[in-house]
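Novice: Next up is a structure, given as structure tokens.
The values are calculated or read from the model by the stated rules, or taken from the named source; none is laboratory data. Owing to the predicted nature of the structure, the values given are computational and were not obtained by experimental measurement. Counting neighbours? That spans all protein chains shown, and the Cβs are built from the backbone with ideal geometry, glycine included. With ligands, DNA and RNA removed, areas are computed over all heavy atoms of the protein, side chains included. Shrake-Rupley method; radii C 1.70, N 1.55, O 1.52, S 1.80 Å.
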Amino acid sequence: MRADLALLGANLVYATSYVVARLTLDSVPAAALAFSRCVIGAALLWPLARRGVGFTRIARADHARVAAMGVLGFGVAFALAHWGLVRSTAANAALLIIVEPLAIMALSPMLLGETLGRREALGGAIALAGTMLVVLDGIPGVTTRLAPHWRGDLLLVGSAIAFASYSLIGRDVLRRHASTPVTALSIAWGAAALAPLAVVEWSRGARPTWTLVSVTGMLYLGIVITGLAYLVWNWALERVEAPRAAVFLTVQPVAGALLGVVLLGEPASIFTAVGGGLIVAGVYSSRARESEVSAPERERESTHR
């Protein structure tokens, strides 16, 4: 239950990142924002990580996996996401994040040997259907705006796949190591990967404009999204198989649509309510398998851990 609530909470927080990033990108170049997010997130988590499991205890092979998590899941994913947002919309970004759970569900049985249960598959399908219903109809004009933004949308699809690689690689690492040092190190690797892009961007004359919105947005994305939310996600991923965790990613587009209604004044329809209900039903269905496990089995599993 705690892991599921953590996944739900983390994805609700993630959902706010699209609007915040889109507003911040009006004043801060894409690579600079991505690099700054990673630097802030790593600076936040590094002291906490040093108090726990020492970095030296992580095997060299796992260090390579953590580096891959950072380069792909932070460096590539953030860069593509920000470039895509500049060329597309926050609504399209919320829609196309659906590629991430689809990739995790499809690839985790092959890459991680984890089983995608029938209830989880059904829950994922229901949640995805609800998400499509909400985003396509709850946000007016999305279907007519997809084609004009196809370049940005392709970048957003690539970003979603890169985000999926973070969980697919990280699940195996998090079976052996605590979430805090893994998260801190992976963010640091993301910053290292993004530094050259930020330098090139700066050399071409792209400079940030420091305003209250840009500074607040950068700090929010760095501290809340990149630092804390990813730490919570990895904590939950230690305890939940990747296909099950992927179902909760479908919450992001629905929450993004609600933010659009509340903050941007976008109208809601009956499809918004129906789609939101399907999301809740899908997430609940994905959890239902746990209730079938007997109390003695849960006790034995807890003792084993």
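Novice: Out of everything in segment 200-210 that is surrounded by fewer than 13 Cβ atoms within 10 Å (Cβ to Cβ) and among the small types (Gly, Ala, Ser), what residue ends up being modelled with the lowest pLDDT?
Specialist: The extreme case among them is 205.
Novice: Residue check: is residue 108 of a type in the set (S, T, N, Q), open to solvent by less than 20 Å² (accessible area, probe 1.4 Å) and under 17 Å from the mean Cα position of the chain (by Cα)?
Specialist: Values: of a type in the set (S, T, N, Q): yes; open to solvent by less than 20 Å² (accessible area, probe 1.4 Å): yes; under 17 Å from the mean Cα position of the chain (by Cα): yes.
Against the criterion (of a type in the set (S, T, N, Q), open to solvent by less than 20 Å² (accessible area, probe 1.4 Å) and under 17 Å from the mean Cα position of the chain (by Cα)), residue 108 qualifies.
Novice: Does residue 95 satisfy the condition of being surrounded by 24 or more Cβ atoms within 10 Å (Cβ to Cβ), assigned to a helix (DSSP H, G or I) and at pLDDT below 85?
Specialist: Numbers: surrounded by 24 or more Cβ atoms within 10 Å (Cβ to Cβ): yes; assigned to a helix (DSSP H, G or I): yes; at pLDDT below 85: yes.
In short, yes.
Novice: Consider segment 5-29. How many of its residues are open to solvent by 10 Å² or more (accessible area, probe 1.4 Å) and not aromatic (Phe, Trp, Tyr)? Let's see the steps before the verdict.
Specialist: So the first thing to find is which residues in segment 5-29 are open to solvent by 10 Å² or more (accessible area, probe 1.4 Å), and the list is 5-6, 8-9, 12-14, 16-20, 22-23, 25-27, 29.
Okay, now just the ones that are also not aromatic (Phe, Trp, Tyr), so 5-6, 8-9, 12-13, 16-17, 19-20, 22-23, 25-27, 29.
So the count comes out to 16.
Novice: Kindly establish whether residue 79 is among the aliphatic types (A, V, I, L, M) and surrounded by fewer than 24 Cβ atoms within 10 Å (Cβ to Cβ).
Specialist: In short, no.
Novice: In segment 30-52, which residues are at pLDDT 90 or above and surrounded by fewer than 18 Cβ atoms within 10 Å (Cβ to Cβ)?
Specialist: Matches in segment 30-52: 43 only.
Novice: Among (1) touching a His at 6+ places or on another chain (Cβ under 7 Å); (2) more than 16 Å from residue 201 (Cβ to Cβ); (3) of a type in the set (Lys, Arg), which single condition is residue 51 missing?
Specialist: With (1) touching a His at 6+ places or on another chain (Cβ under 7 Å); (2) more than 16 Å from residue 201 (Cβ to Cβ); (3) of a type in the set (Lys, Arg) applied to residue 51, the lone miss is (1).
Novice: Report every pair of residues separated by at least 6 positions or lying on different chains whose Cβ atoms are under 8 Å apart, first residue within segment 150-163 and touching a residue at least 24 places away in the same chain (Cβ under 8 Å) and among the hydrophobic types (A, V, I, L, M, F, W, C), second outside any helix (DSSP H, G or I) and open to solvent by less than 40 Å² (accessible area, probe 1.4 Å).
Specialist: Cβ pairs passing all conditions: 155/88; 156/88; 156/97; 160/97; 160/98; 163/97.
Novice: In the list 37, 51, which residue meets the criterion of being basic (Lys, Arg) and either out of contact with any Ser or Thr (no Cβ under 7 Å at 6 or more places or on another chain) or under 25 Å from residue 244 (Cα atoms) (or both)? Outline the logic, then answer.
Specialist: Details: 37 fails: either out of contact with any Ser or Thr (no Cβ under 7 Å at 6 or more places or on another chain) or under 25 Å from residue 244 (Cα atoms) (or both).
When all the criteria are applied, what remains is 51.
Novice: Next up: List every residue pair whose Cβ atoms sit under 8 Å apart, with the two residues 6 or more apart in sequence or on different chains, where the first one lies in segment 56-69 and is over 21 Å from residue 164 (Cβ atoms) and the second, anywhere, is open to solvent by less than 60 Å² (accessible area, probe 1.4 Å).
Specialist: If the second residue must be open to solvent by less than 60 Å² (accessible area, probe 1.4 Å), the pairs left are 57/177; 58/66; 58/177; 58/181; 58/182; 58/185; 63/185.
Novice: Return the residues of segment 211-232 that are hydroxyl-bearing (Ser, Thr, Tyr) and either modelled with pLDDT of 95 or more or surrounded by 15 or more Cβ atoms within 10 Å (Cβ to Cβ) (or both); say none if nothing qualifies.
Specialist: Those that are hydroxyl-bearing (Ser, Thr, Tyr) and either modelled with pLDDT of 95 or more or surrounded by 15 or more Cβ atoms within 10 Å (Cβ to Cβ) (or both): 214, 216, 220, 226, 230.
Novice: Considering only residues that are part of a helix (DSSP H, G or I) and either on the phi > 0 side of the Ramachandran plot or modelled with pLDDT under 65 (or both), which ones fall in segment 134-171?
Specialist: 134, 135, 136, 137, 138, 142, 143, 144, 145
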